[in-house]
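Read-outs throughout are calculated quantities, based only on the coordinates presented, and are distinct from any laboratory measurement. Fair warning: this is a prediction, and the values are worked out from it, not measured in the lab. Here the Cβ is made from the backbone with ideal geometry for all residues, glycine too, and neighbour counts use every protein chain on show.
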Amino acid sequence: MNNITTLLDPLNQQQRQAVTAPLEHLLVLAGAGSGKTKCLTHRIAWLIETNQAGPHNILAVTFTNKAANEMRYRIESLIQRPTRGLWVGTFHSIAHRLLRIHWEEAQLPQTFQILDSDDQLRAIKRIIKALRLDEKTWSPKQAQQFINARKDDGIRPKDIVAEPQDDWLVQMHNIYQTYEQDCQRSGLVDFAELLLRNYELLRDNSTIREHYQQRFLFIHVDEFQDTNTIQYQWLRFLTGEQGKLFVVGDDDQSIYGWRGARIENIQNFSHDFLNTQIIRMEQNYRSTGTILAAANALIAHNQGRLGKNLWTQDSAGDPIYLYAAYTETDEAQFVVEKIQAWRGQLKDIAILYRTTAQSRQFEEAILQKGIPYRIYGGLRFYERLEIKDMLAYLRLPFHRNDDGAFERIINTPKRGLGDRTVETLRGIARQQNLSLWQAAQIAIDTKQIKARASHNLSTFLNLIEQLAQHKDLPLHEQVQQTQMASGLQPHYQKEGKVEAQRRLENLEELINAARQFEQNHQGSQTLLADFLDHAALEAGERQSGRFDDCIQLMTLHSAKGLEFQVVFLCGLEEGLFPHQNSLEEAQLEEERRLCYVGITRARQRLYLSHSESRYRYGQRDSSTPSRFLGEIPPEHLQSLRPRSAKPLTQTHNYQIGQRVKHRQYGIGTIINKEGQGKLARIQIQFKHQPQWLLAAYARLEKL
DNA sequence: GTGGCGTGGCTTTTT
DNA sequence: GCCACGCCAC
């Protein structure tokens, strides 16, 4: 009993209500910083501690490995024992786990391999080539998006009806179909396929479905607003008639619509799952009153919300500072100055921006001052070139028909097997519907390639045969041996450049990762296969920070779920944020949610900035402040004047119909005026097209 | 097989 | 303006 008190004591009234809610479906609308993870983990611990559920009756699903790991750790701390039988994982890892168990019913080979996005793109490229389509017209990236979007919606090639005159759809369909056949033939499963296959498995197999429905009586979902169609349907099957869903999410933080997330899933939840109780957690433990007021006011501009208003017991705090920069360099300069004036830890500061490209100006400015920083983004450990090559060397000996792995390493390091040879092999493979491995053997036997290449090819095939003999070594030794024998390590050693040195370090790190994995998975009969799955499903850390205490630079998307004492939200300009490509109503609302996410990352102090002009695609363009700035009540904002030059003219000096001269655009007429004061904008019809300009800084000459 | 040049595209990202 | 990629020439 004592334990239950400890479980419930740290909770506020809404949190406690959610944690101890009756065993029915529950939708927790958890605002930013309201204790979402706490709510989930305490609910699960509460179910166990009150003996209402055994751990093996509980399933908890997240989107990221990070969230899954944290949840497991926190549950274990709460119940003070390992969570045996309790499944906690990402949608993908749980789907993968089920497919490994039920591979046969899912019509997969037992040894199916996971294809990451990069592998998938390469596979699609191969197919487009094989279909003799022009890569410019039929871009592999577009095809990849097409395929994944269909899969996210549960659409198979056979479900697509393409009218013959719809050339685009006909070809996309064609590529999708070929891709699906190829994957099936070689036993490859991409990320979207993991979910779709799983959904179909439950849909088509009542024995399996009922088994898991009876087992997982309590299903918990984190970040529910990010679920896509197939994840939602999968949850419906898994829940069945008896299961109870406990979902936590925030429709106002749905920012992944562009990759298939359906905000409707949270909006319609109580229609699809009857007797759903809805609990709102609106008390915020993160930000000042002012920051919350700004966030609330901004998000109120969205339609069709489930509705929520964040509040705090804390004080209003500082105003939100607004800086109107002249240029992106000026903007970065401003941020750096404020950082230098900060007396706390650097890791409490985040610079957030809409697009990755914006990071450079900040990086340069920070670098100049020698302030330690860390940029999120970039390649993850298992995505690195040399690591992927190595993984291919580990895979091919045991999956000879894996064309992706074959193509990746046939000439890495260089061994005289260039495009000509590979093209010949592809031709043979295509003609006889074989894998490249099989084609290679035929090519040698039938002397379809020249003597030298043939000799090199035999050497390569022998190498792979030889690598297969390492299978009984401990995993890390197997990795080590393969690195040497493949020639990859000696290759980088010979090169001796700084770049090569880094790659060598990464290869070394892979051996460590293998050793670690061995220790964590003792007794597994399929260690190498498990390791390869792990590499695909958990891409590992991004570029590791060399410093513990450093400024955090990241896109708004990567900032979700994090919090900082000080946040700089930069580039608040029309066309950049909201982004040019997101000006349609539905997308605009997602941009606004993104802005809401950004604002609510700040605990204590928030700086907003925009620039009067900005380099875009090699041109300096003038830009107007983001409409989102106008949606924040001015009383919460405090403008900081730019340090150099003063505004040349006051807004109220301009009249509609007035003729003006701009140093860049020439002579024009004012046709529109919007807003007041510093953020006011005027629209001017110049010779070619109308331009919106920030009135205060437009540097216009009256005529 | 490699390096150099030209062209296109250019929002966000996890698994 | 910058980068990535494809093609072509050596």
Handout entry: Coarse-grained scattering of chain A at q = 0.06, 0.09, 0.11 Å⁻¹, given as base-10 log I(q)/I(0) from a Debye sum over alpha-carbon atoms
Key = -0.43, -0.96, -1.31
Completion exercise
Non-local residues with an amide H under 5 Å from the amide H of residue A:667, with H modelled 1.01 Å from N and Pro and chain starts lacking one, are A:662
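Evaluate 2.2 N^0.38 Å with N set to the residue count of the stretch A:330-467, then give the Cα radius of gyration divided by it. Before the final figure, lay out the partial values.
Values: Rg = 24.6 Å, N = 138, 2.2 N^0.38 = 14.3 Å.
That works out to 1.72 for the stretch A:330-467.
Which value, in Å to one decimal place, does the Kirkwood hydrodynamic radius take for the stretch A:113-187 when every pair of different Cα atoms is included? Kindly include the intermediate steps, with their values, before the conclusion.
Values: mean 1/r = 0.0799 Å⁻¹.
Averaging 1/r across every pair of different Cα atoms and inverting gives 12.5 Å.
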Problem - Estimated dipole of the stretch A:122-241 in Debye, rounded to 20 [Cβ of Lys and Arg +1, of Asp and Glu -1, Cα centre] - result: 520
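Once Rh is set to the Kirkwood radius over Cα pairs, what Stokes-Einstein translational diffusion coefficient, in µm²/s, holds for the stretch A:1-69 at a temperature of 25 °C and a viscosity of 0.890 mPa s?
Values: Rh = 12.9 Å.
In µm²/s, the coefficient rounds to 191.
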Practice task
Just flag the trypsin sites (Lys or Arg not before Pro) in the stretch A:70-107 sitting in loop per DSSP whose Cβ has no more than 10 other Cβ atoms within 10 Å.
Solution key: A:84
Handout entry: Over the stretch A:1-134, volume per residue of the alpha carbon convex hull, in Å³
Key = 174
Handout entry: Part-to-part distance (alpha-carbon centres) for the stretch A:44-74 and the stretch A:116-156, which is given in Å
Key = 37
Fill in the blank from the handout: Cα-only Rg/Rh for the stretch A:416-488 with Kirkwood Rh rounds to 1.06
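Relative contact order for chain A using alpha-carbon pairs under 8 Å, separation at least 6, rounded to a whole percent?
Numbers: 1111 pairs, mean separation 106.7, N = 703.
That works out to 15 percent.
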Exercise for the section: Would you mind checking the radius of gyration and Dmax of the stretch A:139-269 based on alpha-carbon positions, in Å? Expected result: 16.6, 50
Fill in the blank from the handout: Taking Cα atoms only, helix A:328-341 is inclined relative to the longest principal axis of chain A by an angle, in degrees rounded to 10, of 80
Handout entry: Nearest 10 degrees, 0 to 90: helix A:419-432 Cα axis against chain A principal axis
Key = 70
Fill in the blank from the handout: Ranking A:143, A:550, A:322 by how far each Cα lies towards the positive end of the charge dipole of chain A (+1 on Lys and Arg Cβ, -1 on Asp and Glu Cβ), the top one is A:322
Fill in the blank from the handout: The percentage of Cα-Cα pairs in the stretch A:261-328 separated by more than 19 Å is 54
Exercise for the section: Find, among the GluC sites (Glu not before Pro) in the stretch A:64-130, those assigned to loop by DSSP (not H, G, I, E, B) with at most 10 other beta-carbon atoms within 10 angstrom. Expected result: A:104
Practice task
Measure out, as a whole number of angstrom, how far apart the alpha-carbon centroids of the stretch A:292-365 and the stretch A:484-521 sit.
Solution key: 40
Fill in the blank from the handout: Quick P(r) readout (the stretch A:444-565; Cα-Cα; 5 Å bins; whole %) gives 2, 8, 13, 14, 14, 14, 12, 10, 6, 3, 2, 1, 0, 0
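Nearest 20 debye, what's the magnitude of the dipole of the stretch A:16-71 about its Cα centre given +1 on Lys and Arg Cβ and -1 on Asp and Glu Cβ?
Working: 5 positive and 3 negative charges, 35 e Å.
Here the size comes out at about 160 debye.
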Exercise for the section: Calculate the dipole size of chain A relative to its Cα centre from +1 charges on Lys and Arg beta carbons and -1 charges on Asp and Glu beta carbons; express the result in debye to the nearest 20. Expected result: 1740
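Too long at a 24 Å Cα-Cα cut-off: which of A:125/A:151; A:347/A:497; A:388/A:497; A:447/A:494; A:66/A:560; A:388/A:447? Walk me through the numbers before you get to the answer.
On the way: A:125/A:151 18 Å; A:347/A:497 32 Å; A:388/A:497 20 Å; A:447/A:494 34 Å; A:66/A:560 13 Å; A:388/A:447 31 Å.
Going by Cα-Cα distance, A:347/A:497; A:447/A:494; A:388/A:447 fall outside the 24 Å limit.
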